[in-house]
Amino acid sequence: MAHQSVPVGKMKILDTDFVRRQFPAFQHPETGQWAYFENAGGSYVPQSVIDHLTRFMVEAKVQPYGNSHPSTVARTMMEGSIIRMSEMINADHSEVLVGHCTTMNVYMLSRALGSWIRPGDEIIVSNQEHEANANDWHRLAENGVSVIEWKMNPETADLEVEALEKLLSRRTRLVCMTHSSNIVGSANDVKRVAELVHAKGGLLMVDGVSYAPNHSIDVKALEADFYVLSLYKTYGPHLGLLYVKKQHHDMLSNQYFKFLSAYKDAHSDPGAPNFLRIALNPGGANHEEAACLSGITDYYDRVFHHHFPELSETSKIDTFQRIEKVFDLFQNHLTRLSEIFLDYLQSNQRIRLIGKNVADSTVRSPTFSFTIAGEMSKQDLVAELAARKIAIASGNFYAWRCLAGIGIDPDEGVLRASFVHYNTEDEVRHLCSSLKEII
Ligand SMILES: Cc1ncc(COP(=O)(O)O)c(C=O)c1O
């Protein structure tokens, strides 16, 4: 197959044929026929993830940390995944936990921080959140914590830093925000918020679930204290990743068996079940799913080597830098898809787009929520598109505070089309022409 990655000026173009060949879903006789635009709800997985999963199930499906061959392979695969996941977000391996999902990771974190956040303390929670990064923080009010809402601008749906500045004080222990809302899409300025929050002595918790599928994440550069993302939306199995900055590990209280606290400093091997993982993830991660996570970074590596053969041999470029280059390619491609879709949305007066009318995917994630004035129900529209093998979705996507905050009834919800890098221009054009016909 010809190498289709051609330089345009300095920027290369993503070879979507190559990318799609990595995902068996596109070769499936039925699934492969669909134009899939519900990626914000979960993405397809590449062959590399499936290969690791198969290997674990065949060769290593036993209790890890023993001396037998299967047991050592299990351990090596699971620890390898933790290392690769930490490299993926530029964290230390001891700072990363693989849990059931983001909702569960935030729930556990809120409980483990329960004795650090005391009655009378303040927490600020944005109203742009998916409920996973709101509900458990609001629930701390039951312990006497004062929970303050950082409200979006109801006209623009922007989460304005100036509004936060008015709420911050020396009493602020924690600020909880989304990197990019699963409804609004705009990329929020996490680094700026981190600076402001830290200046007051507080900590920052960031929901990166909607941001992570389309952007590289450098938790160190962002200066986040806690960061979550859902691995099943970033081309992996149904798991969630939690980052907790090392210096905060000591303030976590153990949510697992009490006697395990004694092992607080016992495990320092990369990827071993250290205190963070013990304390916050009772029962541990799903082994086979944890073991296949390195398939995600293997996939990014394949994309890197395909597009940057001239850099492949150099040892000066590490895993994270390779991932950054890969996501630059993704973003360039996604900006083009966004332009096509936004042009269509703008062309119809009955359509109200939520959030910024900006295609640049470094400024706005390619997740587009919209409403359409008129008689047709959202469910009927989604069904009509499904009849054409186009998948979009409708609902409130558990972001009901966010919808209420911009004057949309959460029970009514919105329509949502969300792209990732394996979507093509042809697919987006097909979506636009189908919408044109149906509406
Ligand atoms: C922005 C956002 N945050 C959090 C979540 C919750 O993630 P999980 O399903 O891993 O619990 C979702 C899920 O859709 C989401 O879109």
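Every read-out reported here was derived from the displayed coordinates using simple, explicitly stated rules and does not represent laboratory data. This is a predicted model, so every value here is computed, not measured. All Cβ positions, glycine included, derive from the backbone under ideal geometry; neighbour counts span all protein chains shown.
Quick notes on this structure:
- Cross-linked pairs Lys151/Lys191; Lys151/Lys246; Lys200/Lys245; Lys12/Lys389; Lys151/Lys325; Lys378/Lys436: Cα-Cα separations exceed 26 Å for Lys151/Lys246; Lys12/Lys389; Lys151/Lys325.
- Considering every alpha-carbon pair of the chain, the percent of pairs per 10 Å bin, from zero through the bin containing the longest distance, is 4, 21, 30, 26, 15, 3, 0.
- The range 20-54 and the range 207-261: distance between their alpha carbon centers, rounded to Å: 25 Å
- Relative contact order of the range 55-294, taken over Cα pairs closer than 8 Å and 6 or more residues apart, is 27 percent.
- Lys/Arg +1, Asp/Glu -1 at C-beta; the chain dipole; positive extreme among Phe341, Ser48, Ile148: Ile148
- Using Cβ point charges alone (K and R +1, D and E -1), the dipole size of the chain about the Cα centre works out to roughly 500 debye.
- Spatially, the range 125-167 and the range 411-432 are offset by 28 Å when compared through their Cα centroids.
- Cα pair distances in the range 205-343, grouped into 10 Å bins until the bin that holds the longest one, percent each: 10, 31, 35, 17, 6, 1
- Length-normalised contact order for the chain - Cα pairs under 8 Å, 6+ apart - percent: 23 percent
- For Tyr211, Tyr299, order by how many other beta-carbon atoms lie within 10 Å, fewest first: Tyr299, Tyr211
- Segment Phe18-Trp116, length gained on full extension (0.36 nm per residue, minus Cα span): 30.4 nm
- Start at zero, step by 10 Å, and the Cα-Cα distances of the range 55-294 spread as 8, 32, 35, 18, 6, 1, 0 percent across the bins.
- Point-charge dipole on Cβ atoms (K/R +1, D/E -1) for the range 55-294, about Cα centre, debye to 20: 600 debye
- Mean separation of Cα contacts under 8 Å (6+ apart) over length of the range 337-377, as relative contact order %: 41 percent
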